[in-house]
Amino acid sequence: MISAIRGTHDILPGEVERWQFVERIARSLCDRYGFAEIRTPVIEKEELFAKGSGESTDIVQKEMYAFTDKGGERITLRPEATPSMVRAYVEHSLEHALPFAKLFSMGPMFRYERPQKGRQRQFHQFDVEVFGISDPAIDAEVIDLAWSLVTELGIAQAELVINSVGCPDCRPKFHEALLAALGDDLPKLCGDCQRRAVINPLRIYDCKVPADQPIIDKLPHAVDYLCEPCATHFTGVRSHLDAFGIPWTISHRLVRGLDYYTRTTFEVLGQTLGAQNAILGGGRYDGLVKKLGGPDRVGIGFAAGIERLVLALPESVKVVPPARAFVVALGEAPRTEALRILRELRVAGIPAEMEFEARSMKAQLKRADRVQAALAIIVGDDELARGEVTLRDMRKSEQRAVARAHVVEAVRTSL
RNA sequence: GUGGGCGUAGCUCAAUGGUAGAGCACCGGCCUGUGGCGCCGGACGUUGCGGGUUCGAUCCCCGUCGUCCACCCCA
């Protein structure tokens, strides 16, 4: 037997309805908030992510499905959406057509990691990006969309955390302060932290080693070292969120693992996801468009893990299939007529099914029951002779004769 | 990449060093043209794969693959 590749999954009927529910709400929200859909390729040049996501990130260093194609080009399956969105924005000069571009996309992402709860090698993201708007109101709008997604899906016990990581002007000062405060304690931290101190001191806040926590708890906070514009921006974001009535808390430890973030960062954390508790995460990336060869336009966005949304969905989300009819045929001549009825119903827009194997009426009705058919249309020699069918209401267990010519109308009114 | 748990019927799981069983699901009968409930019957397994120990392995050992959880990282 050939099985699916490790870390990839088939989404089967019964499960896929929950996905469709999530996707439906996401699209509906984008409609309401004025976001347009964009679809970008699953494969990109490797350098897009080396430059975009950041050479130092784990995603680029060890998690990309990168390979050389038959033309000798370095290609990768996309590990995240943002660089692709930026590339498309730059490549098509969307700053002209869409000066204030509000875009969304959904699709598979790929990271070579060890699978666990809420983490697959092929996973799916709902991704939202805005280009060209720097007002803190847009930060709040993007966060509002993210929060509305979670609440409209009925995900309980979700928590919104925000932070500001500053900009290239003020972050060096914060890094300095961080290292100064660390001082003699630095050698006491874990190996990962020692490396972070050199590459990206901010990410010391990501550390979960228990022994390091007392030291990290005493470190200065990024928000206290923001430059004037960044501080004003962050205050604006918070007051807009308050105006929207969205509950937030500041997490000084929310620094995120991608290099491009500036100013606002945020995550929504869930309860039912095991160790992978981030349902969605994002932030502002004001230098990224320019870095990828585009105009100097700001950006902000987030990505939500669809698997994680589905995991966090309440059990009670059961998608009820539309009412349907089931055609039952008894014998050869009735079967031909039954097939015509089946097609008439479908052409008329009525979901209808039929058992094609010549089985007993009992078996056919059992099948009708299995597919939760609301109506059975029974066609046998008796009905054929009278120019009728028997219309059985499966829920009420009542049935009546209906003229052959009026079958579609009778079914439509009885469903 | 590291650590641990688990791989037995389609699904959920039992069992024993002497060649496997239940519940659900499936098919049929009771009901010769009437589903759900009930009763009766049927079909279904190279016990993940490879090797080793043993007279004999589903069980013990080694390897491998898969899976789950955690670290790491992140959606």
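Open to solvent by less than 40 Å² (accessible area, probe 1.4 Å) and either more than 14 Å from RNA strand B (Cβ to nearest atom) or outside the structural domain of A:ALA368 (by TED's automatic domain parsing) (or both), is that true of A:ALA352? Yes: the conditions hold for A:ALA352.
So, in region A:195-215, how many residues would count as being within 12 Å of RNA strand B (Cβ to nearest atom) and either assigned by TED's automatic domain parsing to the domain that holds A:LEU254 or free of Cβ contacts under 8 Å to residues at least 60 places away in the same chain (or both)?
14
Hey, any hits in region A:110-131 for a residue that's over 30 Å from A:ILE11 (Cβ atoms) and in contact (Cβ under 8 Å) with a residue 40 or more places away in the chain? Yes, there is a match, as at least one residue in region A:110-131 is over 30 Å from A:ILE11 (Cβ atoms) and in contact (Cβ under 8 Å) with a residue 40 or more places away in the chain. It is to be established whether one or more residues within region A:76-95 are open to solvent by 70 Å² or more (accessible area, probe 1.4 Å), touching a helix residue (DSSP H, G or I) at 6+ places or on another chain (Cβ under 8 Å) and at pLDDT below 95. Checked against the condition, which is being open to solvent by 70 Å² or more (accessible area, probe 1.4 Å), touching a helix residue (DSSP H, G or I) at 6+ places or on another chain (Cβ under 8 Å) and at pLDDT below 95, region A:76-95 yields no hits at all. Taking (1) more than 6 Å from RNA strand B (Cβ to nearest atom); (2) closer than 20 Å to A:ALA333 by Cα in turn, A:ARG359 satisfies each apart from (1).
When every residue of region A:42-59 is checked against the conditions, at least one turns out to be within 17 Å of A:GLY301 (Cα to Cα), assigned to a loop (DSSP other than H, G, I, E, B) and in contact with a Leu (Cβ under 7 Å, 6 or more places away or on another chain). Within the set A:LEU241, A:LEU226, A:LEU311, the sole residue that is more than 16 Å from RNA strand B (Cβ to nearest atom), modelled with pLDDT under 95 and more than 21 Å from A:ILE59 (Cα to Cα) turns out to be A:LEU226. Right, A:GLY72: on the phi > 0 side of the Ramachandran plot and either touching a helix residue (DSSP H, G or I) at 6+ places or on another chain (Cβ under 7 Å) or in contact (Cβ under 8 Å) with a residue 40 or more places away in the chain (or both) or not? Here the answer is no, as A:GLY72 does not meet what is asked. Apart from one condition, A:VAL161 fits all of (1) more than 22 Å from A:ALA312 (Cα to Cα); (2) surrounded by fewer than 22 Cβ atoms within 10 Å (Cβ to Cβ); (3) within 16 Å of RNA strand B (Cβ to nearest atom); the exception is (1). Of the residues that sit in region A:38-68 and are among the acidic types (Asp, Glu) and open to solvent by less than 70 Å² (accessible area, probe 1.4 Å), which one is nearest to A:ASP206 (Cα to Cα)? Within region A:38-68, the match that is nearest to A:ASP206 (Cα to Cα) is A:GLU63. For region A:221-245, which positions are under 25 Å from the mean Cα position of the chain (by Cα) and surrounded by fewer than 17 Cβ atoms within 10 Å (Cβ to Cβ)? If the condition is that a residue be under 25 Å from the mean Cα position of the chain (by Cα) and surrounded by fewer than 17 Cβ atoms within 10 Å (Cβ to Cβ), then A:PHE244, A:GLY245 are the ones that fit. Applying the criterion of being assigned to a loop (DSSP other than H, G, I, E, B) and near RNA strand B (Cβ under 10 Å from one of its atoms) to the residues of region A:261-295, the residue that is surrounded by the fewest Cβ atoms within 10 Å (Cβ to Cβ) is A:ALA275.
All of A:ARG367, A:ARG335 fail the test of being open to solvent by 20 Å² or more (accessible area, probe 1.4 Å), within 14 Å of RNA strand B (Cβ to nearest atom), under 46 Å from the mean Cα position of the chain (by Cα) and farther than 30 Å from A:GLY14 by Cβ, apart from A:ARG335.
Looking at the structure I just gave you, is A:GLN116 under 27 Å from A:ARG24 (Cα atoms), modelled with pLDDT under 95 and within 12 Å of RNA strand B (Cβ to nearest atom)?
Judged against the criteria, A:GLN116 is a match.
The values are calculated or read from the model by the stated rules, or taken from the named source; none is laboratory data. Just so it is clear, the model here is predicted, and its values are computed rather than measured. Note: ideal-geometry Cβ built from the backbone for every residue, glycine included; neighbour counts use all protein chains shown. These area figures cover heavy atoms from the full protein model, side chains too; ligands, DNA and RNA do not enter into them. Shrake-Rupley method; radii C 1.70, N 1.55, O 1.52, S 1.80 Å.
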